[in-house]
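Single-structure report; data block below.
Quick note: the coordinates plus some simple rules give every number you see, no bench work behind them. Being a predicted model, the structure only gives us computed values, none of them experimental. Quick reminder, even Gly has a Cβ in these numbers, built from the backbone with ideal geometry, and neighbours come from all protein chains shown.
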Amino acid sequence: MTAEDVFIAAGVSNATFYRRFTDKRAYISTLVGEIVGAPTYSEQDLRARVREATTSAEDLSTAVLRKLLTQVFPDMTDARTVARRVLAHLFADTNTVVAQSVRDDYHRRDNLVLAVYDETFTRGGLTLRRPFTPKAFAVVIDALFEGFQLRYRRDPSAVSPRLVADAMQALLGGVLDEGEHEHLDDLPTLRSSPPQPVALPRNSRASVLATARNEFRKRGYFMTRMDTIAAGSGVPIQQLRKLFPTKPHLIIGALRPHVDAIEEAIADDRLLELDETTIVENYLLRCARMAARDMPFTDALMVALAHDTYGEPDRVTPLKEELNLPALVAPTIERGQRRGVFSTVEEPMEVATELTNSILLRCFTRRLRSPEDNARVVAAIALHGLIER
């Protein structure tokens, strides 16, 4: 190939070509660096397509998957696009610019998958089973599509939108977690048709929370399943997720009234001008009584916080935001520190967190003790120390 072949085919003059490229080598370098090509869709375009396809669907059914994939299938299998990707991989072995271009393209494609994931699963309260993460999920989907692209290039009769949709459904059925703390070994089913209408309980929220309380009591946090709660409460899983997208949201729904009551009680203590030590002692007692009154949910709260804070912190963010017990007593501790009543060994919020963790852990491990006894022990250690005077 000569430079003349290029500018004749492009319909530009010799001078125009050489103003842009000093020689053929510069042209080739630019060419291979851009050989992957611009992405077919932007994230906004793809989100709009997904929203349109799922507007009338209760869930991501097989029919919705096929509709989406039928729309993008021509672009996904475009012969020129696929050929450019194959060439890019070949050039990438010896050209660092092309290698970086291929990696950048993978990142763009991953972001497109993540946009679809956000529109469909995250907003529906679904998460991924361990050890999958959204990033790993995007890589797997990219690899799946790329494999189909290559097969279609040489054997188009073997690849169809239906087959790609079926493969996607099989993958999703394995990795999607319906708001539970499950591992990949526990396979769910992906719905293939909209749920049939059923008569809901008169108070669906109360029915769900009562069933969840019983399930947490019998099975514990990890073994409790959202679909079991749905069956026991009479609220179909798709409807249940609208009330409580995940198990942490069930904990919030059950314990939020207790937290609100503690907040109101602390406000009353301040209005009555109780001293800071008494307010903290009252706070510890109220937390202990909350744990005793709704032990299945406070147990679940402790387990979820302990397990997910470092493993999957995003899962417990709603718990920490909606059930922020330390924030209720932190102002009292701050006032006590200013007045010299409490030590300034740590910031008020940190002290409040330590106190809250201590009383909840005490109730968790000493569940046969009374709330009054548990609160007394924690208050004695935290407020009065270990040294006899």
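Counting only the backbone N, which residues of segment 71-88 are under 19 Å from the spot 7 Å out from the Cα of ARG153 toward its beta-carbon?
73-88
Give the lysines whose C-alpha is closer than 28 Å to that of LYS135, dropping any in the same chain fewer than 8 places away, or say none.
Of all the lysines, those that pass the test against LYS135 - Cα under 28 Å, at least 8 places apart if same chain - are LYS67, LYS242, LYS247, LYS320.
Per 0.36 nm of contour for each residue apart, how much would the distance between ASP166 and MET349 grow if the chain were fully extended, relative to their Cα-Cα spacing?
Extra length available between ASP166 and MET349 comes to 60.8 nm.
Give a residue-ordered list of calculated ³J(HN,Hα) values for segment 84-98 (Karplus: 6.51 cos²θ - 1.76 cosθ + 1.60, θ = phi - 60°; whole Hz; x for Gly, Pro).
With coefficients 6.51, -1.76 and 1.60, one gets 5, 5, 4, 5, 4, 4, 5, 5, 5, 5, 10, 10, 5, 5, 5 Hz.
Enter the Cα centre distance for the pair segment 135-173 and segment 104-119, rounded to the nearest angstrom.
Using only Cα atoms, the two centres lie 15 Å from each other.
Return the distance in nm (one decimal) between the two label points of a simple spin-label model at MET1 and ASN214, each offset 7 Å from Cα along Cα→Cβ.
Those two pseudo-labels are separated by 7.1 nm.
With a point put 7 Å past each Cα toward its Cβ, work out how far LEU383 is from VAL86 in nm, to one decimal.
7.8
Using Cα springs under 10 Å in a Gaussian network model of the chain, which residue among ASN111, ASN374, ASN95 shows the largest mean-square fluctuation?
In the Gaussian network model the winner is ASN95.
Where does the chain land on Rg/Rh, using Cα atoms and the Kirkwood Rh?
In the chain, Rg relative to Rh is 1.15.
Relative contact order for the chain using alpha-carbon pairs under 8 Å, separation at least 6, rounded to a whole percent?
13
Determine by what factor the alpha-carbon radius of gyration of segment 215-333 differs from 2.2 N^0.38 Å, reporting the quotient.
Its radius of gyration relative to the 2.2 N^0.38 Å reference: 1.20.
Name the residue from VAL98, THR365, ALA231 whose Cα lies farthest towards the positive end of the charge dipole of the chain, charges +1 on Cβ of Lys and Arg and -1 on Cβ of Asp and Glu.
Going by the Cα projections, it comes out as ALA231.
Measure nothing but the geometry: give the 0 to 90° angle between the long axis through the Cα atoms of 134-154 and the longest principal axis through the Cα atoms of the chain, rounded to 10°.
For 134-154 against the chain, the angle is about 20 degrees.
Going by alpha carbons, how many degrees (0 to 90, nearest 10) lie between the helix axis of 161-175 and the longest principal axis of the chain?
With both axes taken from Cα atoms, the answer is about 30 degrees.
Could I get the Rg over Rh figure for segment 220-282? Both from C-alpha atoms, Rh via Kirkwood, rounded to two places.
With Rh from the inverse mean 1/r over Cα pairs, Rg/Rh is 1.25.
Positive end of the charge dipole of the chain (Lys, Arg +1 and Asp, Glu -1 on Cβ, about the Cα centre): tell me which of ALA379, THR22, MET290 has its Cα farthest that way.
Looking along the dipole axis, the top candidate is THR22.
Does anyone have the angle between helix 247-271 and the longest principal axis of the chain? Alpha-carbon axes, 0 to 90°, nearest 10?
Tilt of helix 247-271: around 40 degrees.
Could you go through segment 205-218 in sequence order and give the Karplus-derived ³J(HN,Hα) for each residue, using 6.51 cos²θ - 1.76 cosθ + 1.60 with θ = phi - 60°, rounded to whole Hz, and x for Gly and Pro?
4, 5, 5, 5, 5, 5, 5, 4, 4, 5, 5, 4, 5, 7
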